[in-house]
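No lab work stands behind these numbers, since they all come straight from the coordinates. Predicted, not measured: the structure shown is a model, and the values here were computed from it. Positions of Cβ are generated from backbone atoms using ideal geometry, with glycine treated the same way; all protein chains shown enter the neighbour counts.
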């Protein structure tokens, strides 16, 4: 059996098991955005949430390298684009 590359694995994960267990990524990112905005006292964007989650995974990878970190970073790239598409009205929230 051929091993998926990290991009294929990330896409399979975010569109499959993660969406099944956690729901639409935009909804979750929006909740985090509102929480961080309240905590920080400044408006945080959904783009910034996705980018900061990637930064968290990069920091984790720096201390403990592993494929799962790279897959998660790729997944957050997809989430970043999906959130932008929701905000532009290119995707309807189910």
Before anything else, pin down the relative contact order of the range 35-87: Cα pairs under 8 Å, at least 6 apart, normalised by residue count, whole percent. 40 percent
The chain, Gaussian network, Cα under 10 Å: of 16, 41, 66, the residue fluctuating most is 41
Matching label for the computed Kirkwood radius over Cα pairs in Å, out of [x] 15.2; [y] 14.1; [z] 15.9, is [y]
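Counting pairs of alpha carbon atoms under 8 Å apart in space and at least six apart in sequence, what relative contact order in percent does the chain give? Mind dumping the intermediate values first?
On the way: 71 pairs, mean separation 33.4, N = 94.
Across the chain, relative contact order equals 35 percent.
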Within the chain, helix-based [θ] at 222 nm, where runs of 4 or more DSSP H residues each add -39,500 (n - 2.57), nearest 500: -24500 deg cm²/dmol
Label points 7 Å out from Cα along the Cβ direction at residue 12 and residue 31: separation in nm? 2.7 nm
